[in-house]
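One structure is given here, and the rest of the page talks about it.
Here, each number is a calculation from the coordinates, and none is a lab measurement. Fair warning: this is a prediction, and the values are worked out from it, not measured in the lab. Glycine also receives a Cβ, built like all others from the backbone with ideal geometry; neighbour counts cover every protein chain displayed.
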Amino acid sequence: MDWSLSRRYLLAGSAAAALVRPVFAAGAKPDLSEAGAKPVPLETVRLTPSLYLDAVTSNCAYLHRLEPDRLLHNFRKQAGLVPKGEVYGGWESDTIAGHTLGHYLSALSLMHAQTGDEECKRRVEYIVDDLAACQAAHGDGYVAGFTRRSGDAIEDGKRIFPEIVAGDIRVMPFDLNGCWVPLYNFHKTFAGLFDAERHCGNARAREVALGLAVYIDGVFAQLSDEQVQHILDCEHGGLNESFAELYDRTGNIRWMALAARLYHRKVLNPLAEGRDELADLHANTQIPKVIGVARLYDVGGQPEHQKAARFFWQAVTRDHSYVIGGHGDREYFQPPRTISKYVTEQTCESCNSYNMLKLTRQLYRWAPDAALFDYYERAHINHILAQHDPSTGMFTYMMPLMEGAKREFSTAFDDFWCCMGTGMESHSKHGDSVYWERGDTLFVNLFVPSQLAWRGGAFELSTSYPLSEDVTFTVRRPARFALALRLPGWCAAPRLSLNGKPSKIERRDGYAMVRRRWRAGDTIALTLPMTLRTEPTPDDPRMVAYLKGPVVQSKVGGNLVPFFRQYGEPAKVYFKTYSQEERAASNAEALRLSDLDSHSTDIAELGDDADEKAHALASKTSYAVVYRGRKGRDARSGGFFELDMKPGRGNLALNAIYSGDDKRRLFHILVEGERIATQALEAESRGGFIERNYPIPPSLVNGKSRLRIRVEPEPGHSAGPIFGLRLLSDAPPPSM
Ligand SMILES: [Zn+2]
């Protein structure tokens with residue numbers, strides 16, 4: 001971000017200027033040296049005993065348990081080299097294979113920077129060398145581990161690129177020409193290689209990244225802008241960020257031009273214009289491309305890019321986030337300011353908060369406002385710490401906030417979801433946002449126990465925060481600097497003392513500023529009184545959560561305890577006061593359901609293994625789901641499910657329950673092989689369930705003792721999920 005880069009931009013730009021002028025003509029590269037701040041290098045921060053160090057130590061042990069050769073399996077296989085280890089299970093055995101390796105490279109590099117662990121660095125070198133060997137075997141810069149499905153066969157994912165160049169482009173939200181998010185996968189590899197270079201000084205990592213960049217640029221260079229935009233409709237991580245970063249590192253304008261081309265207009269233009277159109281978008285598909293646009297602003301200076309990033313951050317943190325700082329239900333954004341309706345067991349994917357913290361860092365670099373770290377701290381303590389159980393080293397995908405729901409943790413070798421990858425990174429770098437600098441000012445933004453070496457001085461932060469109110473900053477070896485301690489927004493009356501004597505707080509931009517001629521042993525003590533308080537959801541003042549200081553509380557048994565530490569307990573986070581009308585409505589609904597039961601000739605609990613067996617369920621490309629405490633079953637494009645149900649006397653109707661939030665679903669319902677209904681779902685009743693009745697022609701029943709019910713999606717669509725099926729009869733229920 002320094003001036004020399006700006007100059008490099010001008011010098012290198014002449015040849016390719018025509019490519020980029022329309023995009024960057026209006027902007028001037030921002031000068032961050034005045035207003036902005038930067039994090040002190042992770043290498044200079046060492047954690048001291050605390051729950052943060054526990055997380056790092058546990059995660060380091062897991063990184064050591066993983067075998068690089070197994071994560072490299074598909075990279076070698078696709079390159080025509082003999083794999084040196086068995087492929088891992090879970091997503092690593094699916095067409096997204098290889099995505100973990102990039103995360104693993106990042107995690108090893110960060111862990112080396114955070115702890116000095118030499119084994120992590122050795123593994124980085126081994127992996128980069130092996131990637132270079134795979135790349136050499138391909139011979140054209142390509143290196144990847146993903147595959148694609150072709151009928152029942154699995155083949156090299158590389159095959160999709162000649163098809164794409166030839167104009168055969170098949171895009172679904174998570175699928176490009178039969179391959180599960182290949183561009184997202186590239187982004188992970190780039191990020192891993194960049195971290196290897198930054199934190200382990202691995203020069204070869206940049207060479208591998210450049211080779212891959214040349215290959216990818218070669219593909220995009222042959223596509224029209226419309227084709228590029230079409231491809232960007234498939235989740236692509238922060239591939240735009242990769243090329244902005246590569247430009248920042250190399251000064252080669254070619255990468256800047258490519259980063260600018262990968263600007264997903266459909267999503268980013270509304271953000272730049274200040275419109276929240278996030279509802280029903282897959283949340284974690286969007287955050288990385290916004291981080292990419294923020295990086296594009298860093299290197300290009302286009303004000304719209306900064307505006308899009310800032311607007312997105314504000315919309316998500318203010319209108320879409322739960323009290324723990326996470327967002328999203330079933331991985332998607334809901335309409336703004338509706339979260340009280342979405343307190344379910346499928347809330348808060350972990351990757352999203354990992355990425356929001358990255359975006360927050362980006363915003364803070366532009367303008368160091370303490371309020372940004374109020375959010376950062378909220379999500380860091382209450383979501384990131386919560387997603388990793390230091391006693392096992394395992395990670396969660398979702399962070400369920402619904403009463404009674406428990407966290408589900410990964411297994412060590414057979415899951416490899418996205419959230420395991422980002423989790424490995426998150427818990428390798430708890431020291432990375434504690435200290436920031438601008439000129440001679442040292443900002444302390446997080447109260448994480450640690451030692452710091454900076455500007456020739458040595459410092460120590462000691463505290464049991466967030467489980468205690470006291471934070472002590474000690475100067476071990478003095479240096480010339482001003483100290484800026486963050487005063488959390490939630491704290492009404494912070495107190496400061498200097499060498500044991502109470503001191504008046506000089507406030508600036510949310511910080512307590514201390515400037516003096518430092519001496520060894522100088523001690524600044526900050527006390528942040530924590531009282532229990534409530535915080536309502538943005539849309540319902542009667543639904544509240546409890547916090548003590550920055551820590552969200554949950555109710556376990558009769559006590560309020562910190563939510564983040566409830567790894568194995570079902571926890572209650574939100575508390576709602578119901579009105580008399582709501583109680584009456586709930587009683588009426590219970591009566592209606594009881595009446596429905598008495599008219600049912602059969603009830604099938606879809607998604608329940610035993611009940612499905614009892615109904616002779618058969619299915620293909622169909623999954624059991626749980627949502628809002630109800631079990632259900634869907635069928636994806638090309639699949640179906642069918643089951644037997646018992647008819648009774650009288651006229652019959654099939655009664656099905658759907659989520660009122662599901663949309664873009666289209667499917668058919670068949671009885672005894674005859675289509676009796678076609679159902680579309682378009683989010684007709686947000687935040688609850690809906691029921692539909694389908695009359696069954698008597699000719700199909702005709703004295704049968706079993707009816708075969710089948711649900712199958714229209715090609716290209718999904719069916720359901722259906723959260724319970726009944727056969728209803730209009731005959732009077734048998735008398736007791
Ligand atoms: Zn994830």
**Study point:** 1 or more residues farther than 26 Å from Val343 by Cα: qualifying strands (runs of 3 or more DSSP E) within region 597-712
**Key:** 600-604, 618-620, 640-645, 652-659, 663-671, 674-682, 689-696
Review point. Can you tell me which of Ala279, Ala272, Ala294 is free of Cβ contacts under 8 Å to residues at least 40 places away in the same chain and more than 26 Å from Val128 (Cα to Cα)?
Key: Ala272
Study note, to complete from the structure: The helices (runs of 4 or more DSSP H) lying entirely within region 170-248 that contain at least 2 residues which are in contact with a strand residue (DSSP E or B) (Cβ under 8 Å, 6 or more places away or on another chain) and closer than 21 Å to His264 by Cα are 182-200, 225-232
Practice item. Give, as residue ranges, the strands (runs of 3 or more DSSP E) completely inside region 469-587 that count at least 1 residues that are more than 27 Å from Tyr322 (Cβ to Cβ). Key: 470-477, 482-486, 495-498, 501-503, 506-508, 511-515, 523-527
Review point. Just one of the numbered conditions (1) in contact with a helix residue (DSSP H, G or I) (Cβ under 8 Å, 6 or more places away or on another chain); (2) loosely packed, with under 11 Cβ neighbours inside 10 Å is not true of Ala604; which one?
Key: (2)
Review point. Failed condition for Lys576, given (1) within 23 Å of Gln346 (Cβ to Cβ); (2) buried (at least 18 other Cβ atoms within 10 Å of the Cβ); (3) not polar (S, T, N, Q), with all others met?
Key: (2)
**Study point:** Complete set of residues in region 389-401 that are among the hydrophobic types (A, V, I, L, M, F, W, C) and either within 16 Å of the ligand (Cβ to nearest atom) or out of contact with any strand residue (DSSP E or B) (no Cβ under 6 Å at 6 or more places or on another chain) (or both)
**Key:** Met394, Phe395, Met398, Met399
Review point. Is it true that some residue in region 635-656 is surrounded by fewer than 18 Cβ atoms within 10 Å (Cβ to Cβ) and within 25 Å of Cys348 (Cα to Cα)?
Key: yes
Check your understanding: Taking region 294-346 as the region of interest, how many residues are assigned to a loop (DSSP other than H, G, I, E, B), of a type in the set (Ser, Thr, Tyr) and over 25 Å from Ala683 (Cβ atoms)?
Key -> 0
Study note, to complete from the structure: Checked Gly167, Gly102, Gly157, Gly141 against criteria (surrounded by fewer than 22 Cβ atoms within 10 Å (Cβ to Cβ), in contact (Cβ under 8 Å) with a residue 12 or more places away in the chain and touching a helix residue (DSSP H, G or I) at 6+ places or on another chain (Cβ under 6 Å)); the one match is Gly141
**Study point:** Options Tyr342, Tyr332; residue that is more than 16 Å from the ligand (Cβ to nearest atom), among the aromatic types (Phe, Trp, Tyr), more than 26 Å from Tyr435 (Cα to Cα) and touching an Asp or Glu at 6+ places or on another chain (Cβ under 7 Å)
**Key:** Tyr342
Exercise for review: For region 354-367, enumerate the residues that are away from the ligand (no atom under 12 Å from the Cβ) and either under 16 Å from Gly325 (Cβ atoms) or in a loop (DSSP other than H, G, I, E, B) (or both).
Suggested key: Met356, Leu357, Lys358, Leu359, Thr360, Arg361, Leu363, Tyr364, Ala367
Review point. Is it true that some residue in region 211-224 is in contact (Cβ under 8 Å) with a residue 60 or more places away in the chain and acidic (Asp, Glu)?
Key: no
Practice item. State whether the residues of region 292-304 include one that is surrounded by 24 or more Cβ atoms within 10 Å (Cβ to Cβ), more than 16 Å from the ligand (Cβ to nearest atom) and under 20 Å from Cys419 (Cα atoms). Key: yes
Review point. Could you list, in sequence order, the residues of region 113-129 that are assigned to a helix (DSSP H, G or I) and not β-branched (Val, Ile, Thr)?
Key: Ala113, Gln114, Glu118, Glu119, Cys120, Lys121, Arg122, Arg123, Glu125, Tyr126, Asp129
**Study point:** Qualifying residues in region 370-389 (those that are in a helix (DSSP H, G or I) and of a type in the set (D, E, K, R)) - the one surrounded by the fewest Cβ atoms within 10 Å (Cβ to Cβ)
**Key:** Asp374
Point to revise | Among (1) within 15 Å of the ligand (Cβ to nearest atom); (2) closer than 30 Å to Glu682 by Cα; (3) in a loop (DSSP other than H, G, I, E, B), the one test that Cys351 misses | key: (3)
Revision key, fill the gap. So, first residue more than 20 Å from Asn445 (Cα to Cα) in region 508-525, second residue surrounded by 14 or more Cβ atoms within 10 Å (Cβ to Cβ), Cβ within less than 6 Å, six or more apart or across chains; the pairs are Trp518/Val475; Trp518/Pro478; Arg519/Pro478; Ala520/Pro478
